[in-house]
Ligand code: AMP
């Protein structure tokens, strides 16, 4: 059977969201699960889960394992995921999360997105989205074609930045990533599931490149 269960792993700003969209071009039915997006949605709707996660997210800290694991387990057990496979974006972030995942649904491959730290800073501190439709932009690397107008929906762009995309929180997020990444990388290397991807310009990948990377 072909690979259909992927983990995207990499520091904040390594382009996990962008790369997920590219994977969806070759595997349109695969389910993209971003734990950060799920938390942000819950935060916005002020759900109990959102309230639990808020104080951690505001500081750039990880939400406790048991909270994240339960949330991911619920999602992975749904029929659409079982049928079409998944891209996990932002999970697992710690060794206990990785071990819990292997109990729930063993992944086929972990793609480690590698990007230079200076590029990451630019990507994160420059990123913003259109308040109307959510299209993503970057003031350094991906401005809209016409200044101030959204390419996707044509609205005048009201600048919206993620509340955790600031210099202080970013330092915490990068430090947290580095601390947790080593044991996770070791764990997946041992399982022979680790694959390194140079992610400085994933937008240049062709569909063939992506199929090669996914080994499908
Ligand atoms: P992200 O969008 O992936 O950068 O996630 C934003 C924030 O959500 C993180 O800084 C954490 O506070 C929280 N978060 C997302 N995924 C996880 C996870 N797997 N484990 C713990 N916290 C997470």
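The values are calculated or read from the model by the stated rules, or taken from the named source; none is laboratory data. Everything quoted here is computed from the prediction, not taken from an experiment. Because the Cβ atoms are built from the backbone with ideal geometry, glycine has one as well, and the counts that use them run over all protein chains shown.
Could you count how many residues in region 76-131 are free of Cβ contacts under 8 Å to residues at least 60 places away in the same chain, crowded, with 17+ Cβ neighbours inside 10 Å and away from the ligand (no atom under 15 Å from the Cβ)? Result for region 76-131: 3. When the helices (runs of 4 or more DSSP H) confined to region 112-216 are screened for residues that are more than 27 Å from residue 56 (Cβ to Cβ), those reaching at least 2 such residues are found at 167-190, 207-214.
Consider region 27-44 and keep the residues that are more than 13 Å from the chain's Cα centre (by Cα) and in a helix (DSSP H, G or I). The one that is surrounded by the fewest Cβ atoms within 10 Å (Cβ to Cβ) is 44.
Kindly establish whether residue 187 is at pLDDT below 90, in contact with a helix residue (DSSP H, G or I) (Cβ under 9 Å, 6 or more places away or on another chain) and over 21 Å from residue 40 (Cβ atoms).
Numbers: at pLDDT below 90: no; in contact with a helix residue (DSSP H, G or I) (Cβ under 9 Å, 6 or more places away or on another chain): yes; over 21 Å from residue 40 (Cβ atoms): yes.
Against the criterion (at pLDDT below 90, in contact with a helix residue (DSSP H, G or I) (Cβ under 9 Å, 6 or more places away or on another chain) and over 21 Å from residue 40 (Cβ atoms)), residue 187 does not qualify.
Of everything listed in (1) near the ligand (Cβ under 10 Å from one of its atoms); (2) under 24 Å from residue 197 (Cβ atoms); (3) surrounded by 14 or more Cβ atoms within 10 Å (Cβ to Cβ), the single unmet condition for residue 24 is (1). For residue 167, the criteria (1) touching a helix residue (DSSP H, G or I) at 6+ places or on another chain (Cβ under 9 Å); (2) within 14 Å of the ligand (Cβ to nearest atom); (3) under 19 Å from residue 125 (Cα atoms) hold in every case but one, which is (2).
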